[in-house]
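First the structure, in the form of structure tokens, and then the observations on it.
The values are calculated or read from the model by the stated rules, or taken from the named source; none is laboratory data. Everything quoted here is computed from the prediction, not taken from an experiment. So basically every Cβ, Gly included, is an ideal-geometry build from the backbone, and we count neighbours across all protein chains shown.
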Amino acid sequence: MEKYIVELKNVVKKFGNFTAVDNISLKIKEGSFFSLLGPSGCGKTTTLRMIGGFIDTDKGDILIDSSNMKGVPPNKRSTSLVFQNLALFPHMNVKDNIIYGLKKRKTPPDIINEKLKRILNIVNLSGLEHRRITELSGGQQQRVALARSLIIEPEILLLDEPLANLDKKLRISMQYELKEIQKRIGTTFLYVTHDQGEALAMSDTIAVMNDGKIIQTGSPSEIYNHPSDIFVADFIGAGNFIELKALKKLGSKEFGNENIHLKDINDIQDNVEDRKNQPEPLTNQSNHVNEFESIICITKAGGKIIHRMKKDNLRKISLKDSAQNMVFFIRPEKISLMRNLSFKADNYIEDAENGTGSRFLRQEDIDSKEINFYQGIIESIIFEGPDIRLVINSNQAGRLKAEVKNERFFLGLTVGSSIDFFWNIEEGTVFF
Amino acid sequence: MSQLLKNNKKLIYPGFLWFLFFFIFPLTVILVYAFIDNFLRSGTDVNFTFDNFLIIFQRKHYLLLLGRSIRISLITTFFSIAFAYPIAYFLAKKTKYDKILIVALMIPFWVNYLIRTFAWKLIISENGIINKILTSLNIIDEPLRILYTEFAVILGLIYTHTPMMILPLYATISRIDNSLLEAALDLGASKSRAFFDIILRLSLTGIFAGTVLVFIPVLGSFAIPAILGGTDSMMIGNIIESQFIEVGNWNFGSAFTLTLALISLAMIFIYSKFFGLQSIYKNQEI
């Protein structure tokens, strides 16, 4: 059985009338890299400081290693905090900063030296122990703060946006380093950040917070690919939100059936009611298809998007009174581009021959109802080095952001040229 | 401001003239008078001499006064640190009304310090408030003799100079980041240990600045010992004052003034060595 090193049970914290942390419960696995991710003011730092013992909880319990931490001061907890501003002692050199905690624990000098040597090695600061703090670079100061906390061997290392003050390149290299150190020493890291890229890159588990609540907890790929609501989808990465006015059901049999039965959202509800009363009819289709169902989303602009979703989710939607405020969400990089068949057909075939012809769609693919296929006009192009960002306007799907890799295939694109684009019907999410 | 000065160097002239006339000029006069044996008047012979200084160190009376002045200054400085530190710490870290309280602290300065010193006279005299309360409570039979003692002088000096200690201490303590204290606690230090390791250590510059602001003026003070002190609690300031105003021996007065200035400088120098201030300043260049 897996061990949870930190457990929060219905923790509440109020500052005056403002509820900073609103009934939070979470469990952190021992040895994992856990991130609290959210916009500023969402309560993530308050949560971290409550675990560290700097703030008392109003309600609820915090368990560390299964023992309740109520009334236990920071110096008696097996946590250590790396502060956002690092809080290195300016009047001490690197060595004195790092061994401060051991000295307060009355550790014998030979053990202090031994541990110092080891930790300097881990954080790659050997030879700098007699430097003043002010003589160090930002990244080195960062590592001193880390070493100072790690040397007392806490069970949980709390990190409060420690990379926020570094420049972008250094931040990314420190992300690797942090993750590497965490793996090597096996200490549980609880990391607080508002930077979604940072959380995605380092974490084993991410809890997304907003307004004092945890919205979604999961692995980075779960959070990114299957956001549970619009807030998470919008906060983590970019996305297209297409407003819908109705959902209709695609032919209940096989996909690709030319005979599409369009039904009202109410019909789906009826269907659910029916299904509740009857056992699932056995069909010769695979399980996969049984679990999923395809629907047609009618956009506010009148376009159609085919989407295959889990039946469970479909049932939840169908229980809603109206189709108001329904949104179809798809990330820009899920949209694939291909050049209009009518546009420079020769180049197109050439690309196909050169092995980059994956963007060549056969008519039967388009007809299969496995993809959403549209035509649009490029409205803007932003070249970002590795990526190219585009805004495409199409009659059926509206204005969409798309993101493609910087490949030769796309270099000839210009604003105003027409383009075909598509995405698999399993991509995207319907929020309601 | 500095940019303005950089581009218009002439702006510095008024300040420079002020400094020249009211600081450099008087200092030069004192420097000259201390080493001559007469007034600079036409028709008199003026000779260079060290006699003015020799008198100070030959007469026991003056040495005694010098010693007493240094002692009073040290005691006053020590107690003003002791009183000012908790107040400054409270203002810097424990209240959000610090700005208002600082102004309140300055209110007594709106009244001339001589008048405030006379008020002390009323409080500690033989039939003053303190003695009245103590006798009516039957704690003492005879009124205590507080006024005209060295104790009264020290009391008056601490009273007038403690705000000078509070201000620099407040400034340094409030600049210490709270997260440093939290970090010390987090790493396992007890609250008192963290206070000594972090707050006290990082406020040494404030203690130093406050000491300079208190010790030097106290060493040269003459009004408070004249009002609250008796004949056996006179300070060097009183001698210098009487040499200039009553006796009219400017040469001796100037020599004494210079001696006092040199003693102050020397003590501050030793003090800064003792505190290892260079290293503190170096470390605080963040």
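What the table below lists for this structure:
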{"read-out": "When residues of the range A:51-103 are limited to those that are under 33 Å from the mean Cα position of the chain (by Cα), within 14 Å of another protein chain (Cβ to nearest Cβ) and among the small types (Gly, Ala, Ser), the one farthest from A:VAL11 (Cα to Cα)", "value": "A:ALA87"}
{"read-out": "Any hit, the range B:186-201, residues being within 14 Å of chain A (Cβ to nearest Cβ) and among the acidic types (Asp, Glu)", "value": "yes"}
{"read-out": "Unmet criterion (only one of (1) of a type outside the set (S, T, N, Q); (2) farther than 29 Å from A:ARG49 by Cβ; (3) within 14 Å of chain A (Cβ to nearest Cβ)) for B:MET165", "value": "(3)"}
{"read-out": "Strands (runs of 3 or more DSSP E) contained in the range A:392-432 and holding at least 2 residues farther than 16 Å from A:GLN375 by Cα", "value": "A:398-405, A:429-431"}
{"read-out": "Failed condition for B:MET235, given (1) surrounded by fewer than 16 Cβ atoms within 10 Å (Cβ to Cβ); (2) farther than 18 Å from B:PHE35 by Cβ", "value": "(1)"}
{"read-out": "Single residue of A:MET309, A:MET338 found to be modelled with pLDDT of 55 or more, more than 26 Å from A:SER418 (Cα to Cα) and either touching a strand residue (DSSP E or B) at 6+ places or on another chain (Cβ under 7 Å) or assigned to a loop (DSSP other than H, G, I, E, B) (or both)", "value": "A:MET309"}
{"read-out": "Residue check for B:ALA34: touching a Ser or Thr at 6+ places or on another chain (Cβ under 6 Å), farther than 20 Å from B:PRO217 by Cα and either modelled with pLDDT of 95 or more or surrounded by 14 or more Cβ atoms within 10 Å (Cβ to Cβ) (or both)", "value": "yes"}
{"read-out": "Within the range A:16-40, tally of residues that are more than 14 Å from chain B (Cβ to nearest Cβ), over 19 Å from A:LEU159 (Cβ atoms) and out of contact with any strand residue (DSSP E or B) (no Cβ under 6 Å at 6 or more places or on another chain)", "value": "3"}
{"read-out": "Residue among B:VAL212, B:VAL247 that alone is away from every other protein chain (no Cβ under 14 Å), surrounded by fewer than 21 Cβ atoms within 10 Å (Cβ to Cβ) and more than 21 Å from the chain's Cα centre (by Cα)", "value": "B:VAL247"}
{"read-out": "Yes/no for B:ALA104 being in a helix (DSSP H, G or I) and either among the acidic types (Asp, Glu) or free of Cβ contacts under 8 Å to residues at least 60 places away in the same chain (or both)", "value": "yes"}
{"read-out": "Options B:ASP177, B:ASP141: the member that is within 14 Å of another protein chain (Cβ to nearest Cβ) and either modelled with pLDDT of 90 or more or within 30 Å of B:ASP232 (Cα to Cα) (or both)", "value": "B:ASP177"}
{"read-out": "Residue that is farthest from A:GLU153 (Cα to Cα) [pool: residues in the range A:73-94 that are surrounded by fewer than 19 Cβ atoms within 10 Å (Cβ to Cβ) and without any contact (Cβ under 8 Å) to a residue 40 or more places away in the chain]", "value": "A:PRO73"}
{"read-out": "Matching helices (runs of 4 or more DSSP H) fully within the range A:149-254 where at least 1 residues are of a type in the set (Phe, Trp, Tyr) and under 24 Å from A:ARG389 (Cα atoms)", "value": "A:220-225, A:230-235"}
{"read-out": "Residue match in the range A:207-225 (condition: of a type in the set (D, E, K, R), assigned by TED's automatic domain parsing to the domain that holds A:THR79, at pLDDT 90 or above and within 30 Å of A:LYS369 (Cβ to Cβ))", "value": "yes"}
